[in-house]
1. Can residue 144 be described as within 16 Å of the ligand (Cβ to nearest atom), touching a strand residue (DSSP E or B) at 6+ places or on another chain (Cβ under 9 Å) and not in a strand (DSSP E or B)?
2. Could you list, in sequence order, all residues of the range 89-115 that are part of a helix (DSSP H, G or I) and of a type in the set (S, T, N, Q)?
3. List the pairs whose first member sits in the range 145-167 and is within 11 Å of residue 232 (Cα to Cα), whose second member is acidic (Asp, Glu) and more than 10 Å from the ligand (Cβ to nearest atom), and whose Cβ atoms are under 6 Å apart, counting only residues at least 6 apart or on separate chains?
4. Go through 55, 114 for me and flag whichever is out of contact with any Pro (no Cβ under 6 Å at 6 or more places or on another chain) and closer than 27 Å to residue 298 by Cβ.
5. Here is a list of conditions, (1) over 20 Å from residue 293 (Cβ atoms); (2) in contact with a Phe, Trp or Tyr (Cβ under 6 Å, 6 or more places away or on another chain), and residue 73 meets all of them except one; can you say which number that is?
6. Go through (1) within 14 Å of the ligand (Cβ to nearest atom); (2) surrounded by fewer than 20 Cβ atoms within 10 Å (Cβ to Cβ) for residue 153 and report which single condition fails.
7. Is one or more of the residues making up the range 130-137 outside any strand (DSSP E or B) and either aliphatic (A, V, I, L, M) or within 13 Å of the ligand (Cβ to nearest atom) (or both)?
8. Name the residues in the range 293-316 that are part of a loop (DSSP other than H, G, I, E, B) and exposed (fewer than 14 other Cβ atoms within 10 Å of the Cβ), would you?
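Values in this text are rule-based calculations from the coordinates and carry no lab data. Computed from a predicted model, the values in this text were never measured in an experiment. Note: ideal-geometry Cβ built from the backbone for every residue, glycine included; neighbour counts use all protein chains shown.
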Amino acid sequence: MRETTTGTILADWQADHAEKFGREPLKLKHTLHRSELFSDDRLARLIERADRSHYHVNTRAKGPDGKKRRREGEFGKLTGMEVLEAVRKGDIWINLRAPQIADPAYGELLRDMYREFEARVPGLQTFKHITTILISSPNVYVPYHADVPGQMLWQVRGKKRVWLYPNEEPYVTRSAIEKLILGELHEVDMPYDETLDAGAQMHDLKPGEMLHWPLNWPHRVENHDCLNVSVTTEHYTSAIRTSYAVHYANGLLRKAGISNPAKQEAGPMALAKTALAGAVKFSGLRKKASKPYTIDFAVDPQAPSGVRDIPPYALSL
Ligand SMILES: [Fe+2]
């Protein structure tokens, strides 16, 4: 087994990073950009092997209101290299959501990434690891949002700019986080305007750099003018699970008319809320059918924008 205290993934770990982990943004150096797992050949193979239920490919189109809207597409019969060629020149982003299913080497990498953190941060125990490989066109951006689990962003190829905003008002409200966790967040619940940037941290990420930010911190991302390959990892800890359960229960209480339920980190009320959240989740009371996606374009390296329209069809992912 690999030695994880000296590890080969984290490249510039310092003793003081341990106490900052999860509490403040950490920008660290890593070695993923030197791994052959992210060569064109390996990525092309991964694209070819990705099951339809394990990838998203998106582009943008102007809607009738003049706003850009996200479209969902497919790779069709293209080779992986042809898909990469289209991404290089188009306005496309690809999420390969479960690369370890197509190639177990990515699962081993994910396990090693968290093993290295756990070997360095005393008491850290993480679980429910998920990784996604993002392959995106020059200048693609990801709008202002927050995520439910613990998050890391690892830059492998190209450059991107990341803005991080504290998990507090005016950047985000507790009610917005509750809705996010209940799966009921709408754009209006977490509005972005440029004045928020005054309180943001801005980081340019180049290959071999990664960011980990505290739970639920809003962020937005913009690619520089180049193809980007990045990896996101998600995880839970027992503290993140408690926070999730308390937000979940508070979201239910708020819907039931309680105006501003307290946010406990631990203790009997946190336990009671964990039980409430668990009971409601397991009862299936809030289970909603997931809405099918409308697939209306195919990646096409011959098309000027890298995509062409196809007759729309519905797909449940
Ligand atoms: Fe995110």
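1. On the way: within 16 Å of the ligand (Cβ to nearest atom): yes; touching a strand residue (DSSP E or B) at 6+ places or on another chain (Cβ under 9 Å): yes; not in a strand (DSSP E or B): no.
So residue 144 fails the test.
2. The initial filter retains those residues of the range 89-115 that are part of a helix (DSSP H, G or I), namely 89, 99-102, 104-115.
Answer for the range 89-115, where residues must be part of a helix (DSSP H, G or I) and of a type in the set (S, T, N, Q): just 100.
3. Filtered contacts from the range 145-167: 155/209.
4. On the way: 114 fails: closer than 27 Å to residue 298 by Cβ.
The unique qualifying residue is 55.
5. Condition (1) is where residue 73 drops out.
6. If we test residue 153 against (1) within 14 Å of the ligand (Cβ to nearest atom); (2) surrounded by fewer than 20 Cβ atoms within 10 Å (Cβ to Cβ), just (2) comes out false.
7. The first filter runs over the range 130-137 and keeps only residues outside any strand (DSSP E or B), leaving 137.
Cutting the leftovers down to either aliphatic (A, V, I, L, M) or within 13 Å of the ligand (Cβ to nearest atom) (or both) gives us none.
For the range 130-137, residues outside any strand (DSSP E or B) and either aliphatic (A, V, I, L, M) or within 13 Å of the ligand (Cβ to nearest atom) (or both): absent.
8. Quick first cut of the range 293-316, residues part of a loop (DSSP other than H, G, I, E, B) only: 300-306, 316.
Answer for the range 293-316, where residues must be part of a loop (DSSP other than H, G, I, E, B) and exposed (fewer than 14 other Cβ atoms within 10 Å of the Cβ): 302, 304, 316.
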